[in-house]
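Report on the structure given below.
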Amino acid sequence: MKKIAIAGCGLAGLATALHLLKQGNAAVTLFDPHGIGGGASGVSTGLLHPFPGRLALRSWQADEGMASTIKLIDEVEAFTGRTAAHRGGILRLAITEQQKKDFPQCVEFGCQWWPVEKVLEQVPEATAAPALWMPQGMTVYSKPYLEGLWQLCQHKGAEFRKEAFHSSESFDLVVLAMGFQTPHSSDIALKTTRGQALLCRWKKPLPLTLLSQGHLTPSEDPLHCQLGSTYEDPQTPLDTQKAFDLKGKIAAFYPPAKEFDVLETRVGYRIARQHGYRPIVSQIDMKTWVFFGLGSRGLLYHSLLGESLARGLLDQLD
Ligand SMILES: Cc1cc2nc3c(=O)[nH]c(=O)nc-3n(C[C@H](O)[C@H](O)[C@H](O)COP(=O)(O)OP(=O)(O)OC[C@H]3O[C@@H](n4cnc5c(N)ncnc54)[C@H](O)[C@@H]3O)c2cc1C
């Protein structure tokens, strides 16, 4: 049996491993010194929808990405019996004049444009603003989802080593899915940002995910919610006050956030292209591939691209 090593147990590495195990007959070994979801994937606040970015432009391969991720969430939930996502839709408040002009264009893709009255009917405590209702949007619960992906991989025969990947010697193919630590050439301009998020206790759970300048997502514990997230220069010293400032930012569109109790600050590093946001899947030598650069769209793309990478790897081994 051919042997494939995967360095990195975040969304990219786990999705690639699972698709490999589903599609072919290879022995897969996963490496990660920080365990399952020890990088950015473990601190993700879970937003999954087709219109990320400030202007809510429809993402490249949005339908395909959504469908592929939802299929994996379904599989994880069926296998583990644990809920891995909150499928209550995402309400995206339009605050700026530009957003009020741009957001209604998403209506042709299955969204609704809600006037202020309808927003306040659904979320009476929200700041008065019209909003884009994305019924297909969801919040993925990082911990149960990542653990479930790993359990599925393990069930299909994968091995895990809690150590850094060092040598490709005993493997036929290698995938480096090491997030911002993935080795890369200087041909592509990349940008790393530090992101902080807060885990909080809220007084009254919301039935949906609220997004504006910052976001408020439910967590797997109904008593807790997540406030996200900062975009910081990783060269600056880590300042947890920036995470605490998220409370004020969220309170600007959902005032009850002022009263949330902070339980935990979470920190991770995203890496993305400097221009555009398509992740990078590329072969760097005869037996090594890289899969990284998912930026803020890890949930939209990890399964779709992991699946096509797995197909490419198995073709190469044939
Ligand atoms: C605060 C925050 C909030 C976010 N919210 C969202 C969101 O709402 N929706 C969304 O889609 N995305 C979100 N993201 C982005 C998302 O988390 C990333 O796109 C995604 O996690 C990237 O996955 P990855 O597998 O490429 O990297 P990572 O999850 O970083 O995984 C890389 C792994 O490689 C491991 N590694 C490093 N070196 C080695 C080595 N030598 N050998 C073996 N393993 C190694 C690391 O330990 C790490 O576990 C958020 C990010 C942050 C920081």
Would you pick out the residues in the range 30-42 that are of a type in the set (Gly, Ala, Ser), within 6 Å of the ligand (Cβ to nearest atom) and open to solvent by less than 30 Å² (accessible area, probe 1.4 Å)?
SER41
Applying the selection to the range 8-28, what residues are closer than 17 Å to ILE73 by Cβ, in a helix (DSSP H, G or I) and not hydroxyl-bearing (Ser, Thr, Tyr)?
LEU11, ALA12, LEU14, ALA15, ALA17, LEU18, HIS19, LYS22
Across the range 82-109, what is the number of residues that are among the basic types (Lys, Arg) and open to solvent by 80 Å² or more (accessible area, probe 1.4 Å)?
3
Is there a residue in the range 166-186 that is charged (D, E, K, R), surrounded by fewer than 20 Cβ atoms within 10 Å (Cβ to Cβ), more than 22 Å from the chain's Cα centre (by Cα) and assigned by TED's automatic domain parsing to the domain that holds LEU11?
yes
Give the range 289-318 a look and list any residue that's of a type outside the set (Ser, Thr, Tyr), assigned to a helix (DSSP H, G or I) and touching a Ser or Thr at 6+ places or on another chain (Cβ under 9 Å), or say none.
GLY298, LEU299, LEU300, HIS302, LEU304, LEU305, GLY306, GLU307, LEU309, ALA310, LEU313
Members of the range 241-282 that are open to solvent by 40 Å² or more (accessible area, probe 1.4 Å), away from the ligand (no atom under 13 Å from the Cβ) and in a loop (DSSP other than H, G, I, E, B)
ALA252, GLN274, HIS275, GLY276
Residues of the range 283-304 satisfying the condition of being more than 7 Å from the ligand (Cβ to nearest atom) and open to solvent by 10 Å² or more (accessible area, probe 1.4 Å):
GLN283, ILE284, ASP285, MET286, LYS287, THR288, TRP289, LEU304
Matching residues in the range 110-165 (open to solvent by 40 Å² or more (accessible area, probe 1.4 Å), assigned to a strand (DSSP E or B) and not assigned by TED's automatic domain parsing to the domain that holds ALA12) number 2
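So that you can scan it fast, the table gives a plain yes or no per residue for (1) within 15 Å of the ligand (Cβ to nearest atom); (2) touching a residue at least 40 places away in the same chain (Cβ under 8 Å); (3) not assigned by TED's automatic domain parsing to the domain that holds VAL116:
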{"residue": "GLY8", "(1), (2), (3)": "yes, yes, yes"}
{"residue": "ALA17", "(1), (2), (3)": "yes, yes, yes"}
{"residue": "SER44", "(1), (2), (3)": "yes, yes, yes"}
{"residue": "SER59", "(1), (2), (3)": "yes, yes, yes"}
{"residue": "ASP74", "(1), (2), (3)": "no, no, yes"}
{"residue": "THR80", "(1), (2), (3)": "no, yes, yes"}
Contact list please: Cβ distance under 7 Å, first residue in the range 205-220 and closer than 25 Å to GLU147 by Cβ and basic (Lys, Arg), second residue at pLDDT 95 or above and open to solvent by 10 Å² or more (accessible area, probe 1.4 Å), pairs at least six apart or on different chains.
none
Condition check for PRO130: under 25 Å from LEU72 (Cβ atoms) and away from the ligand (no atom under 11 Å from the Cβ):
no
Boolean, GLU307 is within 11 Å of the ligand (Cβ to nearest atom), surrounded by 15 or more Cβ atoms within 10 Å (Cβ to Cβ), among the acidic types (Asp, Glu) and in contact (Cβ under 8 Å) with a residue 12 or more places away in the chain:
no
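Residues checked against (1) free of Cβ contacts under 8 Å to residues at least 40 places away in the same chain; (2) more than 24 Å from the chain's Cα centre (by Cα); (3) more than 21 Å from ALA257 (Cα to Cα):
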| residue | (1), (2), (3) |
| --- | --- |
| GLN122 | no, yes, no |
| ALA126 | no, yes, no |
| ALA129 | no, yes, no |
| PRO135 | no, no, yes |
| THR139 | no, no, no |
| SER142 | no, no, yes |
| LEU146 | no, no, yes |
| GLN151 | no, no, yes |
| HIS155 | no, no, yes |
Test GLU220 against the criterion of being in contact with a Lys or Arg (Cβ under 7 Å, 6 or more places away or on another chain), open to solvent by 40 Å² or more (accessible area, probe 1.4 Å) and within 16 Å of the ligand (Cβ to nearest atom), and give yes or no.
yes
Could you go through the range 95-103 and let me know if any residue there is in contact with a His (Cβ under 8 Å, 6 or more places away or on another chain), part of a helix (DSSP H, G or I) and hydrophobic (A, V, I, L, M, F, W, C).
no
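The values are calculated or read from the model by the stated rules, or taken from the named source; none is laboratory data. Since the model is a prediction, treat every value here as computed from it, not as a measurement. Quick reminder, even Gly has a Cβ in these numbers, built from the backbone with ideal geometry, and neighbours come from all protein chains shown. Each accessible area value is taken on the protein alone, full model and side chains, heavy atoms only, with ligands, DNA and RNA left out. Shrake-Rupley method; radii C 1.70, N 1.55, O 1.52, S 1.80 Å.
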